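The values are calculated or read from the model by the stated rules, or taken from the named source; none is laboratory data. Note that the structure is a prediction, hence the values are computed from the model and not measured. Please note that ligands, DNA and RNA were not included when accessible areas were found on the heavy atoms of the full protein model with its side chains. Shrake-Rupley method; radii C 1.70, N 1.55, O 1.52, S 1.80 Å.
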Amino acid sequence: MQNPGVGWLAAIIIGGIAGWLAEMFMKSNMGVLMNIILGIVGAIVANLILSVLGISLAGWLGYLVAGFIGACILIAVARAIKR
């Protein structure tokens, strides 16, 4: 995200892991590409939400946590819209 230590390749890998963890936690069946997208977009969404609350996550672990939280939020929103 804002940390120059996390490049594009690392963002894809960490985003994939975060999306996969969210997929397992939320018991959904997405796929590898969707997991990567959910993890990356989820990290952006979670960082925006957390910055409003005054919380800042940095580095690889912060990106993973933010990606997981954001991906869970995105899965929950998608489920709510589907119904």
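Before moving on, here are some points about what is shown:
- Whole-Hz Karplus values for the range 8-14 come out as 5, 5, 5, 4, 5, 5, 5 Hz, taken residue by residue from phi with 6.51 cos²θ - 1.76 cosθ + 1.60 and θ = phi - 60°; glycine and proline positions read x.
- Using a probe of 1.4 Å, the accessible surface attributed to VAL65 totals some 60 Å² when neighbouring protein chains are kept in position.
- When Rg and Dmax of the Cα atoms in Å is calculated for this entry, the matching label among (i) 16.5, 51; (ii) 12.0, 40; (iii) 14.4, 53 is (ii).
- Rolling a 1.4 Å probe over the protein heavy atoms of the chain, with every protein chain left in place, gives an accessible area that is 75 percent carbon and sulfur.
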